[in-house]
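Q: My questions will all concern the structure given below.
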Amino acid sequence: MLRHLTAALMALAVVTATPAGATPALVPAADREVVFTADGTTVYGTLHVPEHRPGQRLPAALLLPGSGPTDRDGNQPPGSTPDTLAQLADALDGDGIATLRFDKYGTGRTGLGAYRDHPEELDYPAFVRQARAAYESLRDQPETDPRALLVVGHSEGAMTALLLGGTARPRPAGLALLQPQAIRLLDLVALQLEAQVAEATRQGQFTPEQQRTVNAAIAAAITSLREHRPVDTTDLPLAIARLFEAFQGSSARFVSSDDAVYPPDTAAALRPGTKVLLTCGTNDAQVPCATTNALTTALRHGHAGGPGRVTLPGVDHLLHDTAHPNTLAPPVLDALHRFARH
């Protein structure tokens, strides 16, 4: 009788016990709303957590958008909806990296927040402080590994990523600077405008003499802005004149404070060995590869880690190419995977 009872108990143990070495069920990938505060403003974002083991701490990346009213997904609806940041989150999911993206000031659920009644006081440092608050929120999420935090910025967001890289705590393990604003803002604006005027001249809209006159007026306008003097728009085409008028209006404080940052200077504050990816696209008319030369040199002198600068053949500013006009181009995905696994 006792022998039969012992056998029955052993059989029950085999049925109910977890087999040695068995893998517990994975937690499926999911998005959830994240709320944090920056300078008295409630900021809303999306945390994406890849599939993972229960209790596992994951590397995590803060995603930062480009200039203008660009929301958490990388869109400026209704006119521009490339989903840049949402697609970056999907790409990083494939490497097991959690991501946080958020609605910066003036976009999405966040809106202008504390600046609602005085938007003219919104300057670039406010956006940096907002990004730092987002980084701290990501650091404190239960699924993230605070020793493996990354910052991935696109365009102006890449400059913000650089500033965070030298000041945030804990220091990021890596930065991905995608088509970065790598020179002073107004210098970049001048390059973009001069390229547009050159194209208009090529199409016969301006004579070479008119082109020289307009370029000189652009240079004078930028000097006036930096010296806080009124801009003379007499020799500027209407569209360009309106741009400089806006730079003197409600956005004057932002433009001045953004233009004060020279990105190569910020590289010196990075912790030596910080892994850095810097991309430039050969079809990027907004941030030509040549504008990243000084920053690339500064990163090298600061002993940043790899993969370093990666040139993306045929890729434009929104990280697309002609074969992939609505999704991240394959060279972008390859560079991201190299960065994630470096």
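Q: Tell me the label-point distance for the pair E51, H337, using the 7 Å Cα-to-Cβ offset, in nm and rounded to one decimal.
A: 1.7 nm
Q: For the chain, set up a Gaussian network in which alpha carbons nearer than 10 Å are linked by springs, and say which option among A25, A304, A219 fluctuates the most.
A: Sorting by GNM fluctuation, first place goes to A25.
Q: What residues have an amide H closer than 5 Å to that of L112, excluding those fewer than 5 places away on the same chain, when H is modeled at 1.01 Å from N in the peptide plane?
A: The answer is G106.
Q: Count the net charge of all other residues whose Cβ sits under 13 Å from the Cβ of S155, scoring Lys and Arg as +1 and Asp and Glu as -1.
A: -3
Q: What distance in nm separates the two pseudo spin-label positions at N293 and H324, each 7 Å out from Cα along the beta-carbon direction?
A: Once both label points are built, they end up 2.9 nm from each other.
Q: With a sphere of radius 13 Å drawn around the Cβ of T201, what net charge do the other residues whose Cβ falls strictly inside it have (Lys, Arg +1; Asp, Glu -1)?
A: -1
Q: If you don't mind, there's one more thing I want to ask. Stretched out fully, how many nm does the piece from R147 to D39 gain, at 0.36 nm a residue minus the Cα gap?
A: 36.3 nm
Q: Between T311 and A246, how high is the FRET efficiency from 1/(1 + (r/R0)^6) when r is the Cβ-Cβ distance and R₀ = 35 Å? Nearest 0.05.
A: 0.60
Q: Would you list T322, T46 from fewest to most Cβ contacts within 10 Å?
A: Going from least to most buried by this count: T322, T46.
Q: For L58, enumerate residues with amide H under 5 Å from its amide H, sequence gap 5+ or separate chain, H modeled in the peptide plane.
A: HN-HN under 5 Å from L58: T144, D145.
Q: Rounded to whole Å, give me the distance from the Cα center of the stretch 73-108 to that of the stretch 275-342.
A: So the separation of the two Cα centres works out to 18 Å.
Q: Here is a follow-up. Just to be sure I understand the model, the point goes 7 Å from the Cα along the line to the Cβ. What's the resulting A220 to R109 distance in nm?
A: In this crude label model, A220 to R109 measures out at 5.0 nm.
Q: Same structure again: I'd like the distance separating the alpha-carbon centroids of the stretch 30-50 and the stretch 208-260, in whole Å.
A: Cα centroid of the stretch 30-50 versus Cα centroid of the stretch 208-260: 37 Å apart.
Q: Next up: Quick one: which residues, 5 or more positions from V310 or on another chain, have an amide H under 5 Å from its amide H? H modelled 1.01 Å from N in the peptide plane, none for Pro or chain starts.
A: Placed amide hydrogens put L278, T279, C280 under 5 Å from V310.
Q: Would you list Y124, Y44 from fewest to most Cβ contacts within 10 Å?
A: Y44, Y124
Q: If you build the Cα gyration tensor of the chain and take the root of 5 times each eigenvalue, what three semi-axes come out, in whole angstrom, biggest first?
A: So the equivalent ellipsoid measures 47, 21, 18 Å along its semi-axes.
No value in this document is a laboratory result; all are computed from the given coordinates. Only a predicted model underlies this, so the values are computations on that prediction, with no experimental measurement involved. Cβ: placed from backbone, ideal geometry, glycine included. Neighbour counts: every protein chain shown.
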